[in-house]
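Before any comments, here is the structure.
The values are calculated or read from the model by the stated rules, or taken from the named source; none is laboratory data. Computed from a prediction, not measured in an experiment: that's the story for all the values here. So basically every Cβ, Gly included, is an ideal-geometry build from the backbone, and we count neighbours across all protein chains shown.
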Amino acid sequence: MTLRRLTLALLLLLACAAPLVHAQRERLSPDEIDYVDKKWPGTKKTATGIRYLVLQPGTGEKPKPGDKVGVLYVGTLLHGEKFDENLDPKHPLTFRVDRGDVIAGWDQSVQMMKLHEKRLVIIPADLAYGSRGRAPAIPRDATLVFEMELVSIEHPE
């Protein structure tokens with residue numbers, strides 16, 4: 001009888017814990033999830049909660065931590081208000097990957113991309129500017145959307 005109670009208790013614990021674990025990984029609110037699913041059906045989700053669509057596949061290698069990359073992008077708030085862009089192929093935004101030069105969501109997203117790949121990336125607030133925002137363009141706790149193209153990768157010497 002004790003083994004049966006222990007098994008029942010374990011099953012009950014697992015049944016309750018699974019939704020909690022899922023909820024901890026989900027970084028968008030239910031309203032944001034509904035919006036994303038309607039506007040961009042078929043988005044994939046990373047383990048950290050970033051959602052993305054590959055708009056144009058790339059070729060070759062992916063950047064690694066320490067590589068210097070060049071990116072063209074348009075950044076908007078979730079519901080479409082543009083706050084920044086750089087579409088000049090002669091002067092892309094350049095930064096070192098995984099060195100804290102950009103928001104965490106960018107560091108993670110760029111490492112998944114191949115050269116010349118274009119993606120739509122939806123970055124939860126805590127992987128962007130979080131509760132501090134970036135006034136006046138980005139409010140506190142804002143989910144951000146980027147159309148990004150990885151245009152260059154340089155390896156450190």
Please pick out the residue among Thr46, Thr94 that is touching a residue at least 40 places away in the same chain (Cβ under 8 Å), hydroxyl-bearing (Ser, Thr, Tyr) and farther than 24 Å from Glu157 by Cα.
Thr46
Tabulated pairs, region 140-157, first without any contact (Cβ under 8 Å) to a residue 24 or more places away in the chain, second surrounded by 15 or more Cβ atoms within 10 Å (Cβ to Cβ) and not acidic (Asp, Glu), C-beta under 9 angstrom, 6+ apart or interchain:
Arg140/Ala125; Arg140/Tyr129; Arg140/Gly130; Arg140/Gly133; Asp141/Ala125; Asp141/Tyr129; Asp141/Gly130; Asp141/Gly133
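Looking for something under 14 Å from Gly49 (Cα atoms) and crowded, with 19+ Cβ neighbours inside 10 Å - is there at least one such residue anywhere in region 94-102?
Checked against the condition, which is being under 14 Å from Gly49 (Cα atoms) and crowded, with 19+ Cβ neighbours inside 10 Å, region 94-102 yields no hits at all.
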Got at least one residue in region 40-58 being in a helix (DSSP H, G or I), modelled with pLDDT under 95 and under 15 Å from the mean Cα position of the chain (by Cα)?
no
Does any residue of region 105-114 turn out to be of a type in the set (Lys, Arg) and either over 16 Å from the mean Cα position of the chain (by Cα) or not in a loop (DSSP other than H, G, I, E, B) (or both)?
no
Determine if region 68-86 includes at least one residue that is within 13 Å of the chain's Cα centre (by Cα) and either within 25 Å of Glu154 (Cα to Cα) or surrounded by 13 or more Cβ atoms within 10 Å (Cβ to Cβ) (or both).
yes
Across region 102-133, what is the number of residues that are over 19 Å from Val71 (Cα atoms) and free of Cβ contacts under 8 Å to residues at least 12 places away in the same chain?
4
Among the aromatic types (Phe, Trp, Tyr), surrounded by fewer than 16 Cβ atoms within 10 Å (Cβ to Cβ) and at negative phi, is that true of Trp106?
no
Region 127-138, residues that are outside any loop (DSSP other than H, G, I, E, B), in contact with a helix residue (DSSP H, G or I) (Cβ under 8 Å, 6 or more places away or on another chain) and at pLDDT 95 or above
Leu127
